[in-house]
Amino acid sequence: MTHPTAKKLVYAALSALLWTPSSMGCPAYLSAEKVPMTNGSPRRQLKLFAVEIAASGVRKWINLPLQVDALDEKGVLKQNPMGQELRNLAIDPTDRINLRREKFGFKKVASDGAPCVTERGIELQDPENVGKFAYLVQCGNDHAFAKIHKLPVSIDPVLHKITAPQFEYDYQPNNQLMYKNMITKGKHPFPPTIAVADSDVNIHLDMQNFFTMDFNNDNVESYVRNNMSGPVGMVGSIDFFLRLLFFKIDLKMATTVGFYEDSGHIPTVVDVPRDAPKMLNPGSGLMYLWTTKAAVFDQSNPVKTMPFIQPKIVLSGWENHAKTGLSYCVGSECVFRLRGNVVGESFGLDINVPRDVVARGFFPSWVPNVAKFKKDMDWDADPKEGTDVVGVYFENGGLLKGQYKLEQWLRIGSAESISSSCPRKVNVGEAVTFTSKVDDGIAH
């Protein structure tokens, strides 16, 4: 017979394994169409549960944070219809299910019963830790779980500030995708610290048989169409316009951004109205730039992170430039990363680009000195840009007519937590049945 103390130690050890630091990181996304049991049911009824084993050996269900983002076919957050709340309407296949894997637990057994008033669910598995499971369930008593989880992310539209547990994002009033300050909260004994500041975007178009056009963030206006906060994070849809003299041009670049406990998801849509090779000379592109403060970026091994900009290759044509980017591709996806640190925290930027887009020469290259880059590329210089201004450059000259989407993730946390890609992966298993029901409010 096992000694009771030894038994408790075993359960404690198992629980510790389920809480390994490597599981920390950005959220996981699931497309609702991959979870067919959810379609047709109200969004508010979808809940996530896991089995937890206490040191005493008692098994119990715990309710985990989950939110359903109501997205349209273009991935843009929907607005509440007149007199309705989206949470009360049926889940659509285009919806996105957000969750975190940190508290995935043990595989359920028949004696665990049901976590709420339900009979069926879907088993989810952490692919990086095959012993960790959670269960998506449609709860008939969803009101019992309405106020269990706090909202981790908040927005102050007056101060232009987004606040999350591990960072603060002070955005620019005319463009929410550009920040005035990115502040890491810091761990004791380190205080909150400005990591990077004064982000901007430069667009340089060297037109064939025409003059050169340059734009920056001063020419861009964005408007938050709507936003919502949930127990996983805050999401918002943004529309963009280009202001030229007395004209305001709709860039048709609506996107949905997300901010979470330790990360920010900033998709960017690039609209190309005509085939660029017929209109633009090499060296036409866009650059995101910012001023480094406490952040120190480590590009000592660019083969594993992001290529350095090579102006001569860029100016030789997009075909030669594309060869550099394709070396960062595995299958149909290409991942480019920046890694660094800010007084005790790791800091990173991930940019995911489809392979067919990289093959046209459009991918990020690290620019360690923006002023020197502009001189080498024969762009107009900005006297305010010193050696502390860095950025990433995308060559546009090879793009064909169409819209191109980049997935950008800001990452803050331990070096281990930002080592994997975003969003996190989740394996969707088979439908499961529950052998018993519970009374209202038992499984919280």
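Every number in this text was worked out from the coordinates using simple rules, so none of it is lab data. Note that the structure is a prediction, hence the values are computed from the model and not measured. Here Cβ is always computed from backbone atoms with ideal geometry, including for glycine, and neighbour counts include all displayed protein chains.
Using DSSP H assignments, which helices in the chain have an axial alpha-carbon span of 24 Å or above and a mean Kyte-Doolittle hydropathy of 0.5 or higher? Let's see the in-between values first.
Working: long enough: none.
None clear 24 Å together with a mean of 0.5.
If you average 1/r across every pair of different Cα atoms in the chain and take the reciprocal, what Kirkwood value do you get, in Å?
23.7
Name the residue from I309, T94, A294 whose Cα lies farthest towards the positive end of the charge dipole of the chain, charges +1 on Cβ of Lys and Arg and -1 on Cβ of Asp and Glu.
Farthest along the dipole direction, towards plus: T94.
Putting +1 on Lys and Arg Cβ atoms and -1 on Asp and Glu Cβ atoms, find which of Y179, G402, G233 reaches farthest to the positive end of the dipole of the chain.
Of Y179, G402, G233, it is G233.
How do the peptides 406-413, 303-310, 272-279 rank, highest first, by the average count of neighbouring beta carbon atoms within 10 Å per residue?
406-413, 303-310, 272-279
So if we plug the beta-carbon distance of D388 and S229 into 1/(1 + (r/R0)^6) with R0 = 41 Å, what FRET efficiency do we get, rounded to 0.05?
Values: r = 34 Å, r/R0 = 0.84.
Working from the Cβ atoms, E equals 0.75.
Once you place label points 7 Å from the Cα toward the Cβ at S300 and N320, how far apart are they in nm?
Roughly 3.1 nm, to one decimal.
Please get the size of the charge dipole for the chain, origin at its Cα centre, with Cβ charges of +1 on Lys and Arg and -1 on Asp and Glu, quoted in debye to the nearest 20.
Numbers: 49 positive and 48 negative charges, 225 e Å.
That gives a dipole near 1080 debye.
State the Kirkwood hydrodynamic radius of segment 184-341 in Å, one decimal place, computed from all pairs of distinct Cα atoms.
18.9
For K187, project a label point 7 Å along Cα to C-beta. Then give me every residue of segment 391-416 with its amide nitrogen under 18 Å of that point.
From segment 391-416, the list is 411-416.
Remind me, relative contact order of segment 180-332 in percent, using alpha carbon pairs under 8 angstrom and six or more residues apart?
22
From the Cα gyration tensor of segment 345-398, with a ≥ b ≥ c the square roots of its eigenvalues, which class applies: rounded if a/c is under 1.5, or else prolate if a/b is larger than b/c, or else oblate?
Oblate, because a/c is 1.5 or more while a/b does not exceed b/c.
Which translational diffusion coefficient, to the nearest whole µm²/s, is obtained for segment 118-167 from the Stokes-Einstein equation, given a Kirkwood hydrodynamic radius over C-alpha pairs, 25 °C and 0.890 mPa s?
It comes out at roughly 168 µm²/s.
Less than 17 Å apart at the alpha-carbon level, and either on another chain or at least 8 residues along: which lysines does that give for K161?
Correct list for K161: K180, K185.
With point charges of +1 on the Cβ of Lys and Arg and -1 on the Cβ of Asp and Glu, referenced to the Cα centre of the chain, which listed residue (T324, P383, F133) lies farthest in the positive direction of the dipole?
The Cα lying farthest towards the positive end belongs to F133.
Where does each of F215, F259, F434 land when they are ranked from fewest to most other beta-carbon atoms within 10 angstrom? Let's see the in-between values first.
Values: F215 16, F259 25, F434 20.
The order, fewest Cβ neighbours first, is F215, F434, F259.
How charged is the neighbourhood of W318? Take every other residue with its Cβ under 14 Å from the Cβ of W318, and add Lys/Arg as +1 and Asp/Glu as -1.
Spelling it out: positives minus negatives among the neighbours equals -1.
Work out how much length A415 to D356 would gain on full extension: take 0.36 nm times their residue separation and subtract the Cα-Cα distance, in nm to one decimal.
Difference between extended and current length: 18.2 nm.
Let a ≥ b ≥ c be the square roots of the eigenvalues of the Cα gyration tensor of segment 292-419; is it rounded (a/c under 1.5), or, if not, prolate (a/b larger than b/c) or oblate? Let's see the in-between values first.
On the way: a/c = 2.04, a/b = 1.15, b/c = 1.77.
Oblate is the answer for segment 292-419, as a/c is 1.5 or above yet b/c matches or exceeds a/b.
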